[in-house]
Each structure stands twice: as C-alpha cells, then as structure tokens.
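The values are calculated or read from the model by the stated rules, or taken from the named source; none is laboratory data. If you're wondering where the values come from, they're calculated on a predicted model, not measured in any experiment. Note: ideal-geometry Cβ built from the backbone for every residue, glycine included; neighbour counts use all protein chains shown.
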Amino acid sequence: MTISFSISVTSSQMYSSYEVYFEGNETDGSYLDGSFGLVNESAGSNFIVKNDEVVVVGVEPRDLDNLPIISADDNFEVKVVNGSSCDSTTSHELFNDYHKFFECPFSFSDVGLFYLDILIEGVSIGQRAVNVKCKESMMESNGTCTCGIGEELENDDCSVCDQNFVKTWIGDGPCDSCPAFSFSNQNRTSCD
C-alpha cells in the first residue's frame with residue numbers, strides 16, 4: 001500500500017542550506033573542500049573564477065525540524081546580482097531528490113565582484129561572493145573584459161587580426177584593413 005501526501009510550505013516555514021561548487025581550476029585550491037569542488041564559506045571574495053567558467057549552486061531546502069523538503073511547488077531561484085540568471089540543472093554529481101542545482105554562467109565582458117543570490121519564493125536566503133576575472137584571451141579595461149591592441153572580438157573571444165589587418169586601440173571592435181600596397185606588422189598594430 002502506498003500513502004502519499006503533500007504539504008504546502010512557504011518560505012517563512014522553511015530555511016535552506018546552500019552550497020557553491022566550482023569544477024574549474026582557476027581558484028585557489030585552499031578554498032575548495034572535498035572532491036566535488038565545494039567552495040567553503042571562508043573564501044569570501046577570494047573565490048576567483050574566469051568569466052568563461054560556470055559556478056554551480058546547490059540548494060537543500062529544509063523545514064523547521066531540519067528535515068529536507070522539496071516539492072514541485074517550491075519556487076527556487078538563483079541569480080547573479082546585476083548579471084545573468086542561473087539555470088536549473090540535473091547534471092551535478094550530487095544531484096538527488098533533496099537538492100536543486102543551478103548553473104551560473106558569466107558574460108564574456110563580466111569582471112569584478114559579483115554576488116550569487118539564492119531565493120525561495122522571491123525571498124533571499126543568502127548571497128555568496130564570486131570574484132570574476134577575465135578569461136585568458138581577454139584583458140581588463142575600464143571595468144570590463146575586452147580585446148587588446150591588434151585583436152578583435154570573435155565569438156566571445158579575442159583573436160589576433162588577420163594578416164594585413166590592424167587595430168590600434170583597445171576594445172571589442174573589428175580590425176581595419178591596411179591600405180593598398182602595405183602590410184601589417186607581426187603584432188597587427190600598424191601597416192608598413
């Protein structure tokens with residue numbers, strides 16, 4: 001015989017524990033616990049990721065008796081404050097019926113200190129800091145990640161200008177072709 005029941009739980013009747021996981025290799029390993037890339041809370045704003053990497057947030061909602069609960073009606077949301085939204089995922093190794101996981105990506109231009117905001121039914125239950133740096137192919141300029149001199153943005157990455165094209169300024173714009181009968185130098189910063 002199977003007995004089933006459901007209980008409607010509001011955010012005021014529950015609390016939640018949540019963890020941040022990182023599966024890359026850019027952050028200081030001393031801030032990671034265990035083999036699943038759990039970021040310990042002592043990391044604070046020292047937790048560093050590149051802007052082409054994804055941070056995973058695991059939420060484990062519990063009732064006032066500290067019992068795990070999840071129902072289809074629970075409204076969970078994780079977002080990057082002043083940034084991108086995070087998507088629900090079932091691909092994390094620790095996924096089970098009592099956890100919800102969210103993948104939080106960053107934009108190619110994101111750089112600086114960001115906060116992951118964990119919400120249940122629209123109520124924030126906490127935030128965690130993530131210090132976002134530019135990925136290897138980009139440089140930081142005026143609070144954003146961008147391309148350097150002699151490089152242009154192509155598919156969210158910076159690449160060297162093609163032969164006989166140059167770019168003499170920092171930014172995401174395209175390279176310019178050299179005038180007729182001239183050639184770009186090796187760094188693609190001038191036409192000779």
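Brief remarks follow.
- For the range 68-111, the set of residues classified as of a type in the set (A, V, I, L, M) and at pLDDT 65 or above consists of 78, 80, 81, 94, 111, listed by residue number.
- So residue 137, is it at pLDDT 85 or above and either of a type in the set (Gly, Ala, Ser) or in contact with a Pro (Cβ under 7 Å, 6 or more places away or on another chain) (or both): yes
- Search result, residues across the range 140-155 that are surrounded by 16 or more Cβ atoms within 10 Å (Cβ to Cβ) and either within 24 Å of the chain's Cα centre (by Cα) or within 19 Å of residue 52 (Cβ to Cβ) (or both): 144, 145, 146, 147, 148, 151, 152, 153
Residues are listed down the side, and each one gets a yes or a no for (1) outside any strand (DSSP E or B); (2) outside the structural domain of residue 48 (by TED's automatic domain parsing); (3) of a type in the set (D, E, K, R); (4) under 26 Å from residue 46 (Cα atoms):
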{"residue": "78", "(1), (2), (3), (4)": "no, no, no, yes"}
{"residue": "106", "(1), (2), (3), (4)": "yes, no, no, yes"}
{"residue": "127", "(1), (2), (3), (4)": "no, no, no, yes"}
{"residue": "168", "(1), (2), (3), (4)": "yes, yes, no, no"}
{"residue": "182", "(1), (2), (3), (4)": "yes, yes, no, no"}
{"residue": "189", "(1), (2), (3), (4)": "yes, yes, no, no"}
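- Against the list (1) surrounded by fewer than 16 Cβ atoms within 10 Å (Cβ to Cβ); (2) over 21 Å from residue 57 (Cα atoms); (3) not small (Gly, Ala, Ser), the condition residue 158 fails is (1).
- Candidates 122, 171, filtered to the one that is at positive phi and touching a Cys at 6+ places or on another chain (Cβ under 7 Å): 171
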